[in-house]
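Accompanying notes for the structure given below.
The values are calculated or read from the model by the stated rules, or taken from the named source; none is laboratory data. All values reported here derive from a predicted model rather than from experimental measurement. Cβ coordinates were reconstructed from backbone atoms using ideal geometry, including for glycine residues, and neighbour counts include every protein chain displayed. For accessibility, only protein heavy atoms count, side chains too; no ligands or nucleic acids. Shrake-Rupley method; radii C 1.70, N 1.55, O 1.52, S 1.80 Å.
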Amino acid sequence: MIEISRHISFGQYVDNGSRLTRLDPRAKILCFALAVAAFTYISQFAALALCLFFCLFLQWLSRLPLRYVLQGMRMFISFLVILYAFQVLFYTSSTQATSVIWHWGVLTISWEGLMHSTQVDLRVIFLYYLTSLLMLTTSLVDLADGAEALLRPLRRLGLPVHELVMVFVIALKFVPLLITEVERLSIAQATRGVRFGRGNPWQRIRALSGIIVPLFMSGLQRVEMLSTAMEARCYRAGYRGWRRSKLHALQWAGADSLALACCLLLCGLLVALNFVSPF
Amino acid sequence: MIEVNNVTFRYSGEAEEGIAPALEEVTLRIDEGETIALIGHNGSGKSTLARLLAAIVLPQRGSVIVDGLRTDAGGESLWQIRQSVGLVFQNPDDQLVTNTVIDEIAFGPENLGLPRFEIEERVEEMLDLLDLRPYARHAVSDLSQGQKQRLAVAGVLAMRPRYLILDEPTTMIPGHTAEQLLETVRRLARERGISVLHITHHMYELADFDRVIVMNRGRVLLDGTPASVLRHREELERAGLGLPLITQLGQRLRARGWSQLPEVILTLDDLKAALCSLK
């Protein structure tokens, strides 16, 4: 509990000049959206295997140490393992034609349950990996600029696109800060003798409330301070006639088109493979 | 020039609870190029005054006028004031908006709608001025607390303010880093004619400023040069502020018969010089 930031890399950005880092954020966001849609759709192991190869290829392109990325996913995967156990044990088949491996009371381990839960959790891991990688290789400002450029047509419908993107970006920015805060609060509570992960469920919830309540309070205070600081630096969200300029110009290059084309091809392959593969 | 005329400010809801105003009948003037230390106990109204000067909050009675513009005039003049009065907060994590060093420096100039080449020029200038060049491509989360605070100052200075307000920027950073930061800010003030208002509760930081303003219970208690302010020992103690250790040492030596020593000694160098001159 106390050294959480080591095990979560979500929301961090590493500028290592890799091909992925240099891609136009619009291309990255479009590829990400396509991949998420395809990964969510597929349900066969053959297609999942292709997803794994795709993730490995992205990992190679990103030039990030695999260990760093995996360490960042450790906590999420531990959480997923617990969920997996529940999914398997309480799996109820829609067809009733399950081959039961083990049964005790309400708990059942069936072949179908194992297969289904594995597929679901692998998809979730791949989706989490894609999201982490997008953030590890794209700065918040690039992400905001890319999202804003892609959503620009919605401005005609009266949607405050810039403000919505900024809210999203700031929410992402707060992830590592809140993780550090949880760490700080855990240490503070541990030094007062609070023991996390011990006792009955009620005692555990009570121990956690010592972190969650101050975390909310400090989160709200931080948001208020940040909005004041932004206003002090002439950030005028919603102010009529205000136009921000940008330090980085978005430039769509050949590599971006190639990335998008490859991603489209992969998504097509995934859907086709999912359709024809028996597993 | 900033003029604060008979300003009274109360936070919403405080009147009903019978709490005294955060600021009461405050009048002062800040000239161009002045370096001022604003000191006071917790709750003395220092930070509220900073927010009034930067037009973050508006006075309920009296007026704040920055270079001829009233902060309560509204419209475009509000943004002109915010551009010319830069505000740096205590905790850098609360005010850094983006997640890379360059983007953070560019945030303010982008809000001003400056052309790209000018934003680039200002970013380059700030990287050198605040010694942030080695960290230019770093993520904000990888910086130390002192580096983050330097980045916060760079982000504000990139807007080329005429007045720089530092709201307890040295509280969360180690002593020697704080000293370096203050020295950099004073050097910039000298070289560029920027007025600096440094809010602190560390008495030992007063020595190197042109002027010291002491606040107590929402009012200005003392205003003058560091030496003239430190002569009012009893009033300072009533306001919960003790004399700097070096000043106390000088006074004890005087009380023990070293009567030729000056009444107020501000720095160790002053004490050494005074002792040497006795021979």
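Here are the numbers for this structure:
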{"item": "Among (1) out of contact with any helix residue (DSSP H, G or I) (no Cβ under 6 Å at 6 or more places or on another chain); (2) free of Cβ contacts under 8 Å to residues at least 24 places away in the same chain; (3) farther than 26 Å from A:Arg22 by Cα; (4) part of a helix (DSSP H, G or I) - the single one A:Arg155 does not satisfy", "result": "(1)"}
{"item": "Residue, nearest to A:Val169 (Cα to Cα), within region A:16-32, restricted to residues that are buried (at least 20 other Cβ atoms within 10 Å of the Cβ) and within 13 Å of chain B (Cβ to nearest Cβ)", "result": "A:Pro25"}
{"item": "Test: residue in region A:130-140 that is more than 23 Å from A:Thr40 (Cα to Cα), among the hydrophobic types (A, V, I, L, M, F, W, C) and either without any contact (Cβ under 8 Å) to a residue 12 or more places away in the chain or buried (at least 17 other Cβ atoms within 10 Å of the Cβ) (or both)", "result": "yes"}
{"item": "Candidate set from region A:162-200 (those that are over 30 Å from A:Lys246 (Cβ atoms) and touching a residue at least 60 places away in the same chain (Cβ under 8 Å)); member that is surrounded by the fewest Cβ atoms within 10 Å (Cβ to Cβ)", "result": "A:Gly197"}
{"item": "Identity of the residue in region A:231-252, under 29 Å from the mean Cα position of the chain (by Cα) and among the aliphatic types (A, V, I, L, M), that ends up farthest from the other protein chains (Cβ to nearest Cβ)", "result": "A:Leu250"}
{"item": "Candidate set: region B:118-131, residues that are open to solvent by less than 10 Å² (accessible area, probe 1.4 Å) and over 21 Å from the mean Cα position of the chain (by Cα); chosen: the one nearest to the other protein chains (Cβ to nearest Cβ)", "result": "B:Ile119"}
{"item": "Hits in region B:37-85 (condition: surrounded by 20 or more Cβ atoms within 10 Å (Cβ to Cβ) and assigned to a strand (DSSP E or B))", "result": "B:Ala37, B:Leu38, B:Ile39, B:Gly40, B:Val64, B:Val66, B:Val85"}
{"item": "Helices (runs of 4 or more DSSP H) completely within region B:160-279 that count 1 or more residues being in contact with a strand residue (DSSP E or B) (Cβ under 6 Å, 6 or more places away or on another chain)", "result": "B:175-192, B:226-230"}
{"item": "Selection status of B:Leu53, within 12 Å of chain A (Cβ to nearest Cβ), in contact with a strand residue (DSSP E or B) (Cβ under 7 Å, 6 or more places away or on another chain) and closer than 25 Å to A:Met217 by Cα", "result": "no"}
{"item": "Condition check for A:Val88: more than 14 Å from chain B (Cβ to nearest Cβ), assigned to a helix (DSSP H, G or I), modelled with pLDDT under 90 and closer than 22 Å to A:Asp142 by Cα", "result": "no"}
